[in-house]
Amino acid sequence: MHLETIQLCKAFDDALAVREASFQIERGQVLSLLGPSGCGKTTTLRMIAGFEQPTSGRIMLGGRDITELPARKRNIGMVFQSYALFPHMTAAQNVAFGLDMRNIGRSERNDRVSRALEIVRMASLSDRMPKMLSGGQQQRVALARALVIEPDLLLLDEPLSALDLKLREEMRDEIHGIVRGLNITTVFVTHDQGEALVLSDLVAVMSEGTIEQLATPLEVYHRPRTGFVAQFIGGANVLRGRQRIENNGVFDTEFGIELPVPLGASARIEAVAVRPEDIEIVADGAAGATNALVKRARFLGSVIEYTLETDTGHQLTARTEGHFNLPENSRIYFAVRPDRIVPLERP
């Protein structure tokens, strides 16, 4: 079902937690609210759910204004970060809770609970108590409880944060398959960029209550609009500087690097973004070569991440494939791929 928020704001005392958050997603799409702790993403989700009342703005679901509607009347399914399972109920009883509150008949109730548990692959453990289930299994039960009511909208509040890395990746892919298969409009809150990029049709990157950029995962990664987005998604280097007055085609950075002005720059720019993987180690004398000191090398498996220090004392991050090793404190030359330079609206 179509969801739209219109200039949504939330203030707590004198602090504005969410500032004019506007976005819309179509039926079956997944939107991730992505950002660091305290950026307003969970508060935005709670306003959509009906647990927080907006200070101003509107929430539209399926063309209907639900801003003032109580949470129990919105037909929204939600999976909480803590799962919030009832410890005295079995998995099946937890899943059935929302149906019992809606006075669904026993026969239909049992059928819908069985289907929901089948979807999340928990049918064989339906009589287990939550304390007898692993974290991943509890997460599946919480998801089944949200799905069983056949919601118009599914909300997920960092549901994977309590899981270990391998299980988090497995559940991420499982959630992706379930929401796609059921064609459920979904809003997913996370601080993990990998989860947002994998799960989403759209990503809203938030900072200090503001949506810095709303775009597809591909666009927010390769075409960030601001320095914050560039650095938060993929750890891009933000290089400040200015265009030469006598040569509009050259951008002089404070790093002591001369770069071509990137395509798409509509005005004189003050900063550009360069991804660590778009910095190449080159030979002395190569086009655009800049001398640097390898301050630190971090082996990350498939890649090695380097902190390079230029002669101006500025540092930037570069990544190479894991078989290509540069010793720390060695002097090297690097060059920026000119076709990968991204102009920024704000540093």
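Any read-out appearing in this document is the output of simple, stated calculations on the displayed coordinates, not a laboratory observation. Just so it is clear, the structure is predicted and the values come from calculations on it, not from any experiment. Here the Cβ is made from the backbone with ideal geometry for all residues, glycine too, and neighbour counts use every protein chain on show.
Things to note:
- Correct option for Cα extents along the principal axes in Å [calculated from the coordinates] among (i) 78, 44, 35; (ii) 87, 46, 35; (iii) 99, 44, 38: (i)
- Secondary-structure-derived ellipticity at 222 nm for the chain, considering helices only, amounts to -7000 deg cm²/dmol, per-run term -39500 (n - 2.57) for DSSP H runs with n ≥ 4.
- Cβ-based net charge around S161, under 15 Å, with every Lys or Arg adding one and every Asp or Glu removing one: -3
- Counting Lys and Arg as +1 and Asp and Glu as -1 over every other residue whose Cβ lies under 12 Å from the Cβ of V79, the net charge comes to 0.
- Among L263, L160, L214, the largest mean-square fluctuation in a Gaussian network model of the chain (Cα springs under 10 Å) belongs to L263.
- The GluC sites (Glu not before Pro) of the stretch 223-272 that meet both conditions, a loop assignment by DSSP and at most 12 other Cβ atoms within 10 Å of the site Cβ, are E246.
- Reachable lysines from K10, criterion Cα separation under 17 angstrom, eight or more residues apart if same chain: K41
- Distance from the Cα centroid of the stretch 206-270 to that of the stretch 25-102 is 35 Å (rounded to whole angstrom).
- The residues neighbouring Q53, those whose beta-carbon lies less than 15 Å from its own, together hold a net charge of +2 under the Lys/Arg +1, Asp/Glu -1 convention.
- The chain - share of DSSP beta bridges that are antiparallel (%, nearest 5): 75 percent
- Among 17-25, 128-136, the order from most to least packed when residues are scored by Cβ within 10 Å on average: 17-25, 128-136
- Burial order of peptide ranges 63-69, 195-201, 95-101 (average beta-carbon count within 10 Å, highest first): 195-201, 95-101, 63-69
- The stretch 267-337 - percent relative contact order, Cα under 8 Å, separation 6 or more: 42 percent
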